[in-house]
1. Ignoring ligands, DNA and RNA, what accessible area per residue does the stretch A:68-116 give at 1.4 Å, in Å²?
2. Write out the GluC sites (Glu not before Pro) in chain B meeting two conditions: DSSP loop, and at most 15 other Cβ atoms within 10 Å of their Cβ.
3. When only C-alpha pairs under 8 Å and at least 6 residues apart count, what is the relative contact order of chain B, in percent?
4. Quick check: the distance between the Cα centres of the stretch A:66-107 and the stretch B:34-71, to the nearest angstrom?
5. When the solvent-accessible surface of protein heavy atoms is calculated with a 1.4 angstrom probe, in what order do A:LEU152, B:LEU39 fall, highest first?
6. Which distance in nm do the two modelled labels at A:THR74 and A:ALA143 give, with both placed 7 Å along the Cα-to-Cβ direction?
7. Suppose the chain between B:ARG72 and B:ARG30 were pulled fully straight at 0.36 nm per residue; how much longer would it get relative to their current alpha carbon spacing?
8. Using only the Cα atoms of the protein assembly as shown, each taken as one equal point scatterer with no solvent, compute I(q) by the Debye sum, divide by I(0), and report log10 of the ratio at q = 0.07, 0.10, 0.16 Å⁻¹.
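The values are calculated or read from the model by the stated rules, or taken from the named source; none is laboratory data. Source: prediction; values computed, not measured. Ideal geometry is used to build each Cβ from the backbone, glycine not excepted, and the neighbour counts take in all protein chains shown. Protein only, heavy atoms only, side chains kept; ligands, DNA and RNA dropped before computing areas. Shrake-Rupley method; radii C 1.70, N 1.55, O 1.52, S 1.80 Å.
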Amino acid sequence: MRLPRALIRRLSFLAPLVLVLAMAFSVASAPTALAFPPDVPGKSQVQSELNSLGVQAEGSMDGYSRDLFPHWHTVSGTCNTREEVLKRDGTNVAVGSDCYPTAGSWYSYYDGVTRTSPSQISIDHIVPLAEAWRSGARSWTTAKREAFANDLAGPQLIAVTTEVNSAKGDRDPSSWQPPRTASHCGYAKFWIHTKYRWGLTLQSAEKTTLQSMLNACSY
Amino acid sequence: MTELTSIFTATPDGVLTNEVGVITGELELRTTCTDDGALRLAIRYVGATEWYTVRGENYRLHDPRDHEVVHRLLVNVLHRPVAS
């Protein structure tokens, strides 16, 4: 939009006011970016959760299979967990009678890429299933693992590009962090809060990395 | 057909699988080679009950007798001892 010069001169006194307002709203507010999962606590609560998590070496992968974390299960009507997250994390998502999106766009929080085809979007388990297995889920019942793998109540599922989901794989933050630096605070909070809610353990290196990521949080 | 398996420790960057993306830790490589040289690669977490595929499953050897060499080469490239 172009404004007449005279109007710009008359409105120019507003510029400092606009700047001050913009700064006031940007301080200490959680990102309102789309694709932000639910139930993300403030920095001080996440810090106390991190302090309370048990630290121990990872357990073995004996007996592991994704089948022991049944997903995606039906949530309501024809919609399964993956489709619920696609609806939640997308913009202008329209779905067919089978609940699969027919339109929409998805902003991938990890890499800042936007996609318009759901086939190019994966639902990431923020704490990966294999990582959960070696951090305590091995001793759970299959029913509990199913609840974990389909957890819509906490920050455990997020719609991201298939490529970034594949690149992350089973790795914890000591060996993989999202390429988009601005997502690191949120990512650390999602990870810590999920491990806290589900009573999973940390490795020492993982805790050190999470602490420095949390230190950089402004919210 | 011959089948060879070896256990190795992945680098911190892991190994890229088709099914679940990057996997890390103590892994097991399984290569199978048919009599006409078709070579297939599979990988799993040591002790896990499911196998994943890695890129290159359609490789073909001119001589199936090279299977052992190819297997050993792959393990030596993939293995990275953990510093302690």
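1. Working: 2290 Å² over 49 residues.
For the stretch A:68-116, the per-residue accessible area is 47 Å².
2. B:GLU19, B:GLU50, B:GLU57
3. On the way: 161 pairs, mean separation 26.1, N = 84.
It comes to 31 percent, rounded to a whole number.
4. 36 Å
5. The most accessible residue leads, giving A:LEU152, B:LEU39.
6. In this crude spin-label approximation the distance works out to 1.9 nm.
7. Details: separation 42, 0.36 × 42 = 15.12 nm, distance 1.10 nm.
Between B:ARG72 and B:ARG30, full extension yields an extra 14.0 nm.
8. Relative scattering, expressed as log10 I(q)/I(0), comes to -0.35, -0.66, -1.32.
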